[in-house]
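First comes the structure, then the notes that go with it.
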Amino acid sequence: MENKKGDVSDGAQEKFYSDAKEYWAAVTPTVDGMLGGFAKISPTDINGSKSFLRPYLKISGGSVTPKCALDCGAGIGRITKRLLLPIFETVDMVEQDKHFCDNARAFIGPESSRVTNVFCSGLQDFVPAEGNYDLIWSQWVLGHLKDEDLVRFFQRCRAGLTESGIMVVKENTVEAEEKTFDDSDSSYTRTRAELSDCMLKAGFKILASQKQKDFPKDLYPVYMFALQ
Ligand SMILES: C[S@@+](CC[C@H](N)C(=O)[O-])C[C@H]1O[C@@H](n2cnc3c(N)ncnc32)[C@H](O)[C@@H]1O
């Protein structure tokens, strides 16, 4: 049932998560599957992410040590392979769909020896190890969490960062009064203000935000946020 206002009652919470699980279980474990048929935007996406991340890295005078990163809602590891492993010594992935988890190492290839853990878990339940990650990257997945779970997830991510670590969130946003709900994959698309509100409620400081450039005009505006 579509609910444009985005309020899912408590009784429907389980269905909200199980519908998304069912949706992703039927998706092929390919880059095209991860991006809903838009594999062609992947290089632009990765390049935009690299540019956004670069100033925060030690090598560019920032605080982030290139040791250990976490990829949230990692799918088959598109971001782990193309963005994180080329920069960080080791990467952990967390992804709820088992067939994506099972296909990740084959997709990533030999460099998957530096993927320490593939955690098969929903982000609503996942607890990052405390003080462990120099970077937590979360992209195109947070619409699958309810607001309260999102705030709690952000709180656990804050605790999971090293002293000088940062979190980056990259998400679709909607230019409207409030979030919309898509019943085909059971996800919200939030406004920038709503996303920022969840970040601030969790105690994060927003260091910067930036719109991804050069995506097709018919896609939602995609924004990156750096948090500490
Ligand atoms: C649009 S894909 C993005 C994958 C990856 N972040 C990328 O950009 O290539 C969304 C991913 O989020 C996963 N996902 C959906 N709901 C989730 C949840 N509650 N917890 C963890 N992962 C979830 C899906 O299984 C899928 O792999």
* Structure fact -> The ³J(HN,Hα) series, computed from each phi in region 199-216 with the Karplus coefficients 6.51, -1.76 and 1.60 at θ = phi - 60°, rounded to the nearest Hz and given as x for glycine or proline, is 5, 5, 4, 7, x, 6, 9, 8, 6, 6, 9, 8, 7, 5, 8, 6, 8, x
* Taking the DSSP beta bridges in region 10-227 as the whole, what percent of them are antiparallel, to the nearest 5? -> 40 percent
* Straight distance only, please: which aspartates and glutamates reach the Cα of Lys58 with their own Cα at less than 13 Å, same-chain residues fewer than 8 apart left out? => Asp134
* Asked: If contacts are Cα pairs under 8 angstrom and at least 6 residues apart, what is the relative contact order of region 31-145 in percent?
  -> 26 percent
* To do: For region 135-186, give the magnitude of the charge dipole about the Cα centre (Cβ charges: +1 Lys/Arg, -1 Asp/Glu; no others), in debye to the nearest 20.
  => 420 debye
* Given a cut-off of under 8 Å on Cα pairs at least six residues apart, what relative contact order in percent is computed for region 162-228? -> 41 percent
* Asked: Looking only at region 202-221, which residues have a backbone nitrogen under 11 Å from a spot 7 Å from the Cα of Glu163 in the C-beta direction?
  -> none
* Structure fact -> Under 5 Å from the placed amide H of Gln139, counting only residues 5+ away or on other chains, we find Cys72, Lys170
* Across 5 Å bins from the origin, how do the percents of Cα pairs in region 153-222 run, short distances first? -> 3, 14, 22, 23, 19, 12, 6, 1
* Structure fact -> Comparing Ser51, Ser63, Ser186 in a Gaussian network model of the chain (Cα, 10 Å), the one with the largest mean-square fluctuation is Ser51
* For the chain, what is the convex hull (Cα atoms) projected area averaged across all directions, in square nanometres? -> 11.4 nm²
* Let me know the charge dipole size of the chain about its Cα centre in debye, to the nearest 20, where only the beta-carbon of Lys, Arg (+1) and Asp, Glu (-1) is charged. => 980 debye
* **Range in the chain, longest, excluding exposed GluC sites (Glu not before Pro) [loop by DSSP; at most 15 other beta-carbon atoms within 10 Å]** => 3-88
* **Extension gain, Tyr220 back to Asp102 (0.36 nm per residue minus Cα-Cα distance, nm)** => 39.5 nm
* Put a dot 7 Å past each Cα toward the Cβ at Ala25 and Thr116; how far apart are the dots in nm? -> 3.1 nm
* Of Thr191, Cys72, Phe52, whose Cα points farthest to the positive end of the dipole of region 10-227 (charges on the beta-carbon: +1 Lys, Arg; -1 Asp, Glu; origin at the Cα centre)? -> Phe52
* Segment Thr44-Asp32, extension gain: residue separation times 0.36 nm, minus the distance between their alpha carbons -> 2.9 nm
* To do: Note the full-extension length gain between Asp125 and Asp197 as 0.36 nm times their separation in residues minus their Cα-Cα distance, in nm to one decimal.
  => 23.8 nm
* Asked: To the nearest 0.05, how large is the calculated FRET efficiency for Lys67 and Asp185 if R₀ is 22 Å and r is the Cβ-Cβ distance?
  -> 0.05
* Asked: Per residue, how much accessible area does the chain have with a 1.4 Å probe, in Å²?
  -> 47 Å²
* So which aspartates and glutamates can Lys217 reach, going by Cα to Cα under 15 Å and dropping same-chain residues fewer than 8 places off? -> Asp45, Glu175
* Structure fact -> Correct response: the longest run of the chain lacking exposed trypsin sites (Lys or Arg not before Pro), defined by DSSP loop and at most 16 other Cβ within 10 Å, is 68-204
* Asked: If contacts are Cα pairs under 8 angstrom and at least 6 residues apart, what is the relative contact order of region 10-227 in percent?
  -> 18 percent
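The values are calculated or read from the model by the stated rules, or taken from the named source; none is laboratory data. It should be emphasised that the depicted structure is a prediction, and the values quoted were computed from it without experimental measurement. For neighbour counting, all protein chains shown are included, and Cβ atoms are generated from backbone atoms with ideal geometry for every residue, glycine included. Each accessible area value is taken on the protein alone, full model and side chains, heavy atoms only, with ligands, DNA and RNA left out. Shrake-Rupley method; radii C 1.70, N 1.55, O 1.52, S 1.80 Å.
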